[in-house]
1. Among the residues of region 223-240 satisfying the criterion of being out of contact with any Cys (no Cβ under 9 Å at 6 or more places or on another chain) and in a loop (DSSP other than H, G, I, E, B), which is surrounded by the fewest Cβ atoms within 10 Å (Cβ to Cβ)?
2. Pick out the one residue from Asp26, Asp73, Asp105 that is among the acidic types (Asp, Glu) and touching a residue at least 40 places away in the same chain (Cβ under 8 Å).
3. What are the residue pairs meeting all of these: first residue in region 1-21, first residue in contact (Cβ under 8 Å) with a residue 60 or more places away in the chain and hydroxyl-bearing (Ser, Thr, Tyr), second residue part of a strand (DSSP E or B) and surrounded by 12 or more Cβ atoms within 10 Å (Cβ to Cβ), Cβ atoms under 7 Å, and 6 or more apart or on different chains?
4. Of Ile143, Ile180, Ile96, Ile134, which residue is touching a residue at least 12 places away in the same chain (Cβ under 8 Å), surrounded by 22 or more Cβ atoms within 10 Å (Cβ to Cβ) and over 20 Å from Arg60 (Cα atoms)?
5. Looking at region 23-40, can you tell me whether even one residue there is surrounded by 14 or more Cβ atoms within 10 Å (Cβ to Cβ), more than 16 Å from the chain's Cα centre (by Cα) and among the hydrophobic types (A, V, I, L, M, F, W, C)?
6. Being surrounded by 15 or more Cβ atoms within 10 Å (Cβ to Cβ), touching a strand residue (DSSP E or B) at 6+ places or on another chain (Cβ under 9 Å) and within 14 Å of Val82 (Cα to Cα) is the requirement here; does Ile175 meet it?
7. Which ones in region 200-214 are touching a Gly at 6+ places or on another chain (Cβ under 8 Å), outside any helix (DSSP H, G or I), modelled with pLDDT of 90 or more and not aliphatic (A, V, I, L, M)?
8. Do you know which residues across region 173-193 are modelled with pLDDT of 95 or more and not in a loop (DSSP other than H, G, I, E, B)?
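The values are calculated or read from the model by the stated rules, or taken from the named source; none is laboratory data. Every value quoted in this text rests on a predicted model; they were computed, and no experiment measured them. Glycine also receives a Cβ, built like all others from the backbone with ideal geometry; neighbour counts cover every protein chain displayed.
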Amino acid sequence: MSGNYLEGKVVVVTGGGSGIGQSVADVCSELGAKVAICDLNVGSTSSDDNRLFCECDVTRPETIDNAFAKVKDTLGAVDAVVNCAGIWRPRSDGPITAVTDETWDQVIAVNLTGTFNVCRSAVRIMEEQGRGSIVTIASVVAITGWEKLNSYSASKGGVLALSRALAVECGPKNIRVNCICPGVIETPMTEKVLAYSKPDVLPIGRLGQPRDIAHTAAFLCSDRSAFTTASTVVVDGGFSAA
């Protein structure tokens, strides 16, 4: 697939300052989109004609609304939103008897409630526009399970269910909603688990890279996926089938 097939689109990426989110922002920009990068700490990063930086905390709905208003005022529209903001706590998200209320609440607040908050703000704008595409990021653990990742697995399972419900609700409004379930991707967030992951256990023979997810997200943001909604796209190198 080649060409600037996102030209003329405005794509909002939450968690766009690092990891998968950063790659999504980069790929969408390379494909011609204007990109709004929403993250906790954008600092003094300078915006330009094709990139807008917005400070945003997905656990605080007012900051999301402010970010979307800034995007709409500056770039003119919100054509697509990719929800990449997320956390996990592999050291404290262990056996269920050891998981603290703090760990559970924090992971659910960012991964599930944060995704809900962003989707709610996005739908409000997309309803006014009469169009839009929302991409959520769950995880392969939402469909396979992973030992001692109870909070994370629950949060991502919730994201998957939310995405399907929203797709059915928003389809008549010309708003598409799709969910990507990545496998183990080499990012700063997953570096601890990567120490125990062997590429040769995956049918594809390598670990995933952020751009593997980014290109899938870009396709789902584009008009090339105009008939695709309520889909769960597993990008895991064959992990879930092995």
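1. Phe227
2. Asp26
3. Close Cβ pairs satisfying both conditions: Thr14/Cys38; Thr14/Asn83.
4. After ruling out the rest, the residue left standing is Ile180.
5. yes
6. yes
7. Hits for region 200-214 are Pro203, Gly208.
8. Listed by number, the residues that qualify are Lys173, Ile175, Arg176, Val177, Asn178, Cys179, Ile180, Cys181, Pro182.
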